[in-house]
Each structure stands twice: as C-alpha cells, then as structure tokens.
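Taken together, the values in this text are just the output of simple stated rules run on the coordinates, not laboratory data. Quantities reported herein were computed from a predicted structural model and do not represent experimental measurements. Don't worry about glycine lacking a Cβ; one is built from the backbone with ideal geometry, like all the others, and counts go over all protein chains shown.
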Amino acid sequence: MPSESSFVERILKSLTRAQTDLAMTAVQFINVSKQYRLGVTRVSLPSMITDRIKRLRSPDIEHAAQAQRLWALQDVSFDLPPGECLALIGPNGAGKTTILRLLSNISKPSKGTVVTRGRMSALLELGAGFHPDLTGRENIYLNAAILGLRKQYVNRRFDEIVDFSGLEEFIDTPIKRYSSGMVVRLGFSVAACIQPDILLVDEVLAVGDAAFQQQCLSRIDQLVKSGTGIIFVSHNLYMVQAICTRALYLQHGRVQALGGVREAIDIYERDVHIQRALNAKHATQKETAGDGEVAITAVTVSGTSPTAEGGVLLSDAPATITVHYNSASETGPINASIFIKRSDGLTCCMIRTSSNGHRVFLRRGTGVLSVYLDRLQLITGSYEVHAYFLNESDSLPLTPTAARSEWFVVKGSTLGSPDNSGVYEPLAKWISE
C-alpha cells in the first residue's frame, strides 16, 4: 500500500504540472459557442421588456424569435501557446471575426470559456480605436490608453512607432485626412510596437501596399520569436502559409480542421472546390464561353502519371491542357491564350499560340485544341485554367468570357518548404567547378 504522504506528493505534482501547462498557454478556447439574434436593432431595457411580454403573449412570436437565432460559433476549442502564430481560415461568415471579438472582450460567449493571459493588442478593423479629428500623434496615445498602457511607456516607444509607420511627415495631421493605407500603417505600428503577449490581426493588412505588407510580416516574425502569440485572419492563404505554423479551419461556426497549416488549407481548398463544382452544375448558362459563332465548351487538365487521379497532378510529371470548342463554321487562322491561375487569383503563367508560332484553324462543329507540358512545374497548391480564343492579330477576343477548367491540385515531389517555394519549379542544371 502506498503511504499517504506519497499519494499527497503525486497529487501536488499533478497540480503543479497542470498549473505549468496553463501558464504556458496565452489563449484558451474551451467548448465556446456564440449565438446572435438576427434582426435585433435595439437592446435597451424597455425594448427587451416589451419584446419579452410580446413573446409570452404569443407562442408564434416566440417560435419566430427562436428561428431568427444564429449560432455564429458552435463548440469551438483550441489553444494558443506563446510564440506561435495560429491562422483562422474559412469563408465569410464562418465565425473567424466572432472569435476575435470574444478574445478582445467585445462580446461574451453564450456557452463555454475564453481565457487570455498577458497584454493583448488587436487590429480588428480599419480605424478601430482612432478618432478622426485627432492627429496621428494624439491617436497613438489614445490607442495606447485603450490598451491600458501608461503615458511613460508610450513615450519610450513613440519614436519606434512613428518610424515603423513611415508617417513622420503626417504625424501631426488629423487622421480623417489619412488614406485607408495610412490608417492601417498607424494602427499596426501601435499594435505591434508595444510588445504584446497576444496580437490579433484581422485581414487589415490587405489594405496596405506590398512594401508595408512585407514590413508587417517581418515584424510578425520578430514578435513570434520573442514569444508573442498571434492569431491571424486572412483570405490570402499564401500569406497564411508564410507566417503561420498552425491553422483552424471553420465552416458555419464549426471546426472542420485544426492542425498543421498546410493540412488545414488542403481540407479548406478541397471543400471550396466541391462547392464550386456544385455551383457550376446549377449555372448551365455559363458552361460555354463565346458569342455563338465560336464557343469554348470545356477546359480540362490531365496528367500522364499513374497518380494523376481525382484532380491531383504531380509537379515533376507531364500534363496536357485541352480546350474543347464548338464552331459554327471553319475559322482561322486565330489564336488561343491559356492562363494558369492559383487559388488566390495570382496568374502563374500565360501560354499563347502566337508566342509559340502555332497557327490555329478551327473546323466546323466540335473539336479540341491541346497544349502539352513536358513538366507541370507548379509548386504544391490549387489551380485552375482560363482559356480564350482571339482573332488573327491576337488583339480582339472571340470569346470575351473566360472558359474555366475544374480546380486541380498539384503535389510537389521534392519541395522541402512549400510555404516559401514561389510559384513554380524551374528546370535547372547545377554545375560545380
């Protein structure tokens, strides 16, 4: 029989271990749900009392009120340790911003527990925490005061904040005269330069220019290395991959995936492709692109490798893009242009018959035009093909609307870091001397 003292020691060790694990967590979401009432514009006490009396008198009103309730989050659980960047991904209305509002204490959960530890800084929406009639200088102190910082602390950080924003020339100008990009610069500078323990970022970086976005990403990387826990919301999945180590994929307020960023994005993109395919079946009037004389009826992408199944192609294997058309008469010579686009809309490459010296003659009726790629060369990700027919001079489109292929997934065979691998894998030959 173990002694009473050894039993007490084990209990104390377990409690100590639990407290240590708890202290190492910056954010905890424990079975959190959030419900909203749709159509409610007033929440004053008299209106709430009147509404309650009406519902007690009429069961139909009570039933209608229940039908107008929306669960923005349902049983969501995750944690964020210090020094980690967690992405929240999913379509609009999935519940991402609701999570940030709960963390910022803007609203309270309907069920579950939200725990945050340490100083929090948030950049949730454009101009949040700023007064338009105050200058940039005054708004820095106002925003810092909202975050609970003393004036002496801000004084020490002020030059760093202004330098990071690049707004020295406009710092004493009212921010109502700032552009949206300038407001984002100032907001992010305050949020990131006060060394928060938790930083919340919601899509606002998309407003800034490319140079400032890179500056922000570099700053986020520094904060993560210094121990700041970051929750990052963005529809730019390639930016998510560049800075986040884990991702939480939400759909209709429910967790669909939580884990490695690439795995969560793969599941999200798969669901997006399935939904787009369903939408395409209900939009039969958009199945062809053309004015009736020449129409592209379908665009397909196929691979030659044994694993090219289910829309998955290998980066280092050949691929064929085929354009199916229907022509009212024999037509030619004309030109064709093909664009390969990434899931975020980036054009990865353009293939043109005019650039390759190929003359296209369409036969009357149905036919196909194919382009063969020795190697696909695209990095791991999701893509689609857009195709057009143009006139002989390559200046006037015969099919003004793009014909699109189904989405397809590319898997790189030798990529060591898909987060920072660019757009494609060029054919290269190494020489050592």
#### Entry: Cα-Cα separations in region 287-413 greater than 21 Å, expressed as whole percent
37
## Note on the structure
The simple spin-label model distance between ASP271 and GLU293, using points 7 Å out along Cα→Cβ, in nm, is 4.6
### Query
Tell me, how many Å apart are the Cα centres for region 148-213 and for region 366-388?
43
### Query
Ordered by packing density, taken as the mean number of other Cβ atoms within 10 Å over each peptide's residues, highest first, how do 391-398, 142-149 rank?
142-149, 391-398
#### Entry: Loop-located trypsin sites (Lys or Arg not before Pro) in region 220-265, at most 13 other Cβ atoms within 10 Å (DSSP)
none
### Message
So for region 287-413, averaging the separation of alpha carbon pairs under 8 Å that are six or more residues apart and normalising by length, what relative contact order in percent results?
### Response
34
### Query
So what's the net charge close to LEU373: Lys and Arg +1, Asp and Glu -1, counting the other residues with Cβ under 13 Å from its Cβ?
-2
### Query
With a sphere of radius 15 Å drawn around the Cβ of THR353, what net charge do the other residues whose Cβ falls strictly inside it have (Lys, Arg +1; Asp, Glu -1)?
0
### Query
At CYS349 and GLN256, where each label point lies 7 Å from the Cα along Cα→Cβ, what is the point-to-point distance in nanometres?
3.0
### Query
What number, in percent, do you get for the relative contact order of region 191-266 if the mean sequence gap of Cα pairs under 8 Å and at least 6 apart is divided by its residue count?
26
#### Entry: LEU123 long-range amide H proximity, modeled H, under 5 Å
LEU200, VAL201, ASP202
